[in-house]
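Read-outs: derived from the displayed coordinates by stated rules, not from any lab. For clarity, every value in this text was computed on a predicted model and none was experimentally measured. Methodologically, a virtual Cβ is constructed for each residue, glycine included, from the backbone with ideal geometry; neighbour enumeration extends over all protein chains shown.
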Amino acid sequence: AYRRTYADRAKQHVNPAAKSLLETIERKQSNLCVSVDVTSFNDFLSIIDAVGPYVSLIKTHVDIIEDFEPSLILRLQELSAKHDFLIFEDRKFADIGNTVALQYSSGVHKIATWSHITNAHPVPGPSIIRGLAAVGLPLGRGLLLLAEMSTAGALARGAYTEDAVRMARGARDFVIGFIAQRRMEGVGLAEGEKRNEAEDFLVLSPGVGLDVTGDGMGQQYRTPEQVVSESGCDIIIVGRGIYGKLGNVDIGEVQRQAERYRKAGWDAYLQRLN
Ligand code: UP6
């Protein structure tokens, strides 16, 4: 998977969310996902409208929006159609199957009805995938497992990461990839077990920044080149690198940063292909 093009990989994926994401990346020449971690309805939508042309995926934390109302989702869906991107609610589910199925389908946010992709911590074991798949698979959704985290001292490493990859291998119709810091195809193989050449997980990496190496709260940043070209990840997830500290959102500057990261991510991909 490492040297294959996004377009080529899109043809082999059967999960609709994975297929569509890979096709969108190719069409827009963007492996950039912007993480829109803001708390106001208006900032949320204006940032998404500004970065929309430069991204293949928008990542949300919809539970941090102070003035949330269902119309926000309709507006988000309009922007998704206008700018041609997919939606990833970064919910990080972590409970028993029955509870996550309810959290995914119900409540105020009804995530499964609008988010093409969501993610889960593998900590409860395979039943978390079954619970989420019962809701998401009939809707054509895809799931990412958090196999690693970008923070200093993260516990998701070693045997935990290996077991996460094995869990994903057991549910490839729904689990389309990982939140991780490197490729995962070679991880979690038993001794003597060969890599399945047909296996192709998407790797989405947060902790990406061009100007700083940390945020003083445990976050660690790497450059798009380190993430995509050296570590073989497929999508860079960038939040504050694009919209800064907030206050008054300078839309022109947000747009310039989005194009800067889009180009850096795409150049790193082209470098990896060669
Ligand atoms: N995120 C990480 N690291 C992980 C998993 N998720 O940073 O291992 C998420 C955060 C945030 C975004 O919840 O929404 O990615 C990173 O934002 P930043 O670029 O502003 O640091």
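Using the average count of surrounding beta-carbon atoms within 10 Å as a protection proxy, the listed peptides 208-214, 43-49, 135-141 rank, highest first, as 43-49, 135-141, 208-214. Across segment 59-115, the mean sequence separation of Cα contacts (distance under 8 Å, 6 or more residues apart), normalised by length, yields a relative contact order of 40 percent. Of interest is the spacing of the C-alpha centroids, which for segment 51-102 and segment 9-49 amounts to 10 Å. The slack between Asp173 and Ala94, meaning 0.36 nm per residue of separation minus the straight C-alpha distance, is 26.4 nm. Near the amide H of Val203, within less than 5 Å, lie the amide hydrogens of Phe178, Asp234, Ile235, all on another chain or at least 5 residues away, with H placed in the peptide plane. Using a Gaussian network model of the chain whose springs link C-alpha atoms within less than 10 Å, name the residue from Phe88, Phe174, Phe68 with the highest mean-square fluctuation. Highest fluctuation of the listed residues: Phe68.
I'm a student and want to see the number: the projected area of the Cα convex hull of the chain, averaged over all directions, in nm².
Reported value for the Cα convex hull: 13.6 nm².
Based on Cα contacts under 8 Å between residues 6+ apart, the chain shows a relative contact order of 19 percent. Taking only C-alpha pairs under 8 Å that are 6+ residues apart, what is the relative contact order of segment 138-255 in percent? Relative contact order for segment 138-255 comes out at 23 percent. Available extension along the chain between Arg195 and Arg3 is 67.6 nm, counting 0.36 nm per residue and deducting the alpha carbon span. Quick one: grab the alpha carbon gyration tensor of segment 153-274, order the square roots of its eigenvalues as a ≥ b ≥ c, and give me rounded if a/c is under 1.5, else prolate or oblate depending on whether a/b is larger than b/c. Verdict is prolate for segment 153-274. Site pair Gln77 and Ser127 shows an inter-label distance of 3.3 nm when each label is modelled 7 Å from Cα along Cα→Cβ. Be a star and scan segment 28-69 for residues whose amide nitrogen sits under 16 Å from the point 7 Å along the Cα-to-Cβ vector of Asp267. Under cut-off, by backbone N: 30-32.
On the basis of the beta-carbon distance and an R0 of 41 Å, Arg27 and Asn248 show a calculated FRET efficiency of 0.80.
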